[in-house]
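Working notes, beginning with the structure itself.
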Amino acid sequence: MYDVNIPVLIVGAGPVGLSTALFSGRHGISTMLLEKRSATSTLPRAPGLQARTLELFRAAGIREEIRALEMGDSHPFFEGGIIQVDTFAEIDKAVVLESPSLDGPTVSPERVMGCGQDRYEKVLVDKAREFGSDIRFGTRLVEFTQDDEGVTAIAEELDTGKRFTIRAGYLVGGDGANSAVRQQLGVERTGRGTVFDALSIYFTAPELEVMLKDRPFILCYANVNGTLMGLSRLHGCNPFLAAPIYHPDKGEKPEDFTDERCVEIVRAASGRPEMDVEIVAKVPWQGAQLVAERFRTGRVFLAGDAAHLHPPAGGFGANTGIHDAHNLSWKLAAVIKGWAGDTLLDTYHDERHAVGSAMAEQAMVRNRIRHGYASDEDRATMVDDIIITLGYRYVSTAISSEKPGPVLTPHLELTGEPGTRAPHLWLERDGVTLSTIDLFWDSYVLLTDPAGAAWAKAAENAAAALGVPLKAHVVGPDSELRTTDRDFHSVYGISPGGAVLVRPDAFVTWRSDGSAQDPDGVLGEVLARAAGLDPVAAKAAH
């Protein structure tokens, strides 16, 4: 009846769709991915990979392949922050607009890195295929319908016009700002809409690299004759990326930007009217803030720009989308494998919609600051990048929150509180150094100390009764895992005899500060709730 039967169908082979295929494959779930383009991106877009994103690639087993793409040490460029000049020739007079904190040795086992998606998408394609994904370039989604049991889709090969039918358990729309999946669902978006229009100009200019004198920066704005143009060098200088703003309300349009005009724009911003400039590519785009009203509609999910769109200020777009993909992939795998309930999938919207909305607001604040019209109230609401990328909090039925707080806090608080990413702590096991982050991927993990042996036993009993994968680890001087830098109890916010339960995505779902009291009953209910199972199952397990 169907040409293809697959557990998960993905639309869109950008960083989000490819990451969904990669993570799903690492969880043993087969996917098919449809992409209208004939190949991966040829331009170095989305060049900044956050520490949390690198943690996810690390957990998926592709860290070395991604790190190998880094052109030298890109970390100093991030430390250079966001700066502004009148012209690039006056780089010595640059004014610092932002100096974001992005990582740190006690915060993450990974560091941020500069790498355009033209390079890392190729790795994602190869690895996703290695893990069983059927990736079809030059193929578009025509339409789809869904019922209680799955999704039926029609796809078309663009070169031949041949159409085929796909039956999937679930559909993930990672197909960008103009998502066909979202439009077919009829999901509305809320927000400020388009806030500016810009043109990405990719160009080479050997003299400009000499002019910049190795000054590190994430982004440098040149303010020439009242026209703001941003220059990025995170992905190196071949090509550079410049992004001038244009104004449709004044009759300006992308077609007006001939190669000759773009050369003049770059020269004016550089302060060198005779500088040799070669235009490589031009891509018009809009800076907009729009968030889909729902990220889940039955068996169909939205991720990345299809779900939340915001200006690139902060570099949150692709990274946040990859985090969407990770949150959704492990939950889909859990439900498809049968050890989690359908309500776990509802928490994808609950958790990621709140995060996506907060990211969009923070991107808007940065956009106003960089364009010079931020109010004092705007500046007061801005939080550091490290909180946005690593310190965001989840609130959902899958989290046993002690005191549900805001998605973003004024200060970074990775202290083991439920709803936050489990703290990074260096450990030693059998002579091998690893991070606590390395413990989390395909199962729940209970961490305790030798005095919490009852918690470990209860967790294993509850997991066996519920059919939920779980690993219990004891941390202590003479235990399986030994800390090498900081104290386990203080870092995770527990006393001796306490315990912490962590989800497969490294987010804490529950913790107890003291010794076990009715450990079987407590952990049976906690684990059932965390996996989206009926409370009756927890009582039966107890």
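The values are calculated or read from the model by the stated rules, or taken from the named source; none is laboratory data. Predicted, not measured: the structure shown is a model, and the values here were computed from it. Positions of Cβ are generated from backbone atoms using ideal geometry, with glycine treated the same way; all protein chains shown enter the neighbour counts. Note: accessible area is taken over every heavy atom of the protein model, side chains too, but ligands, DNA and RNA are not part of it. Shrake-Rupley method; radii C 1.70, N 1.55, O 1.52, S 1.80 Å.
Odds and ends about this structure:
- Within the stretch 93-103, the set of residues being surrounded by fewer than 19 Cβ atoms within 10 Å (Cβ to Cβ), under 30 Å from ARG421 (Cβ atoms) and of a type in the set (A, V, I, L, M, F, W, C) comprises VAL96, LEU97.
- Residue satisfying all of: in the stretch 527-542; modelled with pLDDT of 90 or more and open to solvent by 10 Å² or more (accessible area, probe 1.4 Å); nearest to LEU414 (Cα to Cα) among these: ARG529
- The number of residues in the stretch 438-462 that are open to solvent by less than 10 Å² (accessible area, probe 1.4 Å) and aliphatic (A, V, I, L, M) comes to 6.
- Residue within the stretch 314-327 that is open to solvent by 10 Å² or more (accessible area, probe 1.4 Å), within 24 Å of ALA177 (Cβ to Cβ), in a helix (DSSP H, G or I) and charged (D, E, K, R) present: no
- Residue selected from the stretch 277-297 under the condition within 19 Å of HIS326 (Cα to Cα) and not in a strand (DSSP E or B), by the criterion nearest to the chain's Cα centre (by Cα): PHE295
- Of the residues making up the stretch 320-335, just one is among the hydroxyl-bearing types (Ser, Thr, Tyr) and closer than 22 Å to GLY467 by Cβ, namely SER329.
- Top-ranked residue of the stretch 43-88 - restricted to ones that are under 21 Å from the mean Cα position of the chain (by Cα) and of a type in the set (Ser, Thr, Tyr), ranked as farthest from GLU156 (Cα to Cα): SER74
- When the stretch 197-211 is filtered for residues that are surrounded by fewer than 16 Cβ atoms within 10 Å (Cβ to Cβ) and in a strand (DSSP E or B), only THR204 remains.
- Some residue of the stretch 259-276 being surrounded by 14 or more Cβ atoms within 10 Å (Cβ to Cβ), among the small types (Gly, Ala, Ser) and not in a helix (DSSP H, G or I): yes
- Hey, VAL508 out of contact with any Gly (no Cβ under 7 Å at 6 or more places or on another chain), of a type in the set (Val, Ile, Thr) and open to solvent by less than 50 Å² (accessible area, probe 1.4 Å) or not: no
- Output for the stretch 241-258, where each listed residue is of a type in the set (D, E, K, R) and part of a loop (DSSP other than H, G, I, E, B): GLU252, LYS253
- Considering the stretch 104-147, and only residues there that are part of a strand (DSSP E or B) and touching a Gly at 6+ places or on another chain (Cβ under 7 Å), the residue that is least open to solvent (accessible area, probe 1.4 Å) turns out to be GLY114.
- Scope the stretch 226-283; condition in contact with a Phe, Trp or Tyr (Cβ under 7 Å, 6 or more places away or on another chain), under 24 Å from SER74 (Cβ atoms) and not hydrophobic (A, V, I, L, M, F, W, C); matching residues: GLY230, ARG233, PRO239, SER270, GLU278
- Just one of (1) touching a Pro at 6+ places or on another chain (Cβ under 6 Å); (2) buried (at least 21 other Cβ atoms within 10 Å of the Cβ) fails for GLY169. It is (2).
- Taken together, GLU188, GLU156, GLU149, GLU207 contain a single residue that is of a type outside the set (A, V, I, L, M, F, W, C) and touching a strand residue (DSSP E or B) at 6+ places or on another chain (Cβ under 6 Å), which is GLU156.
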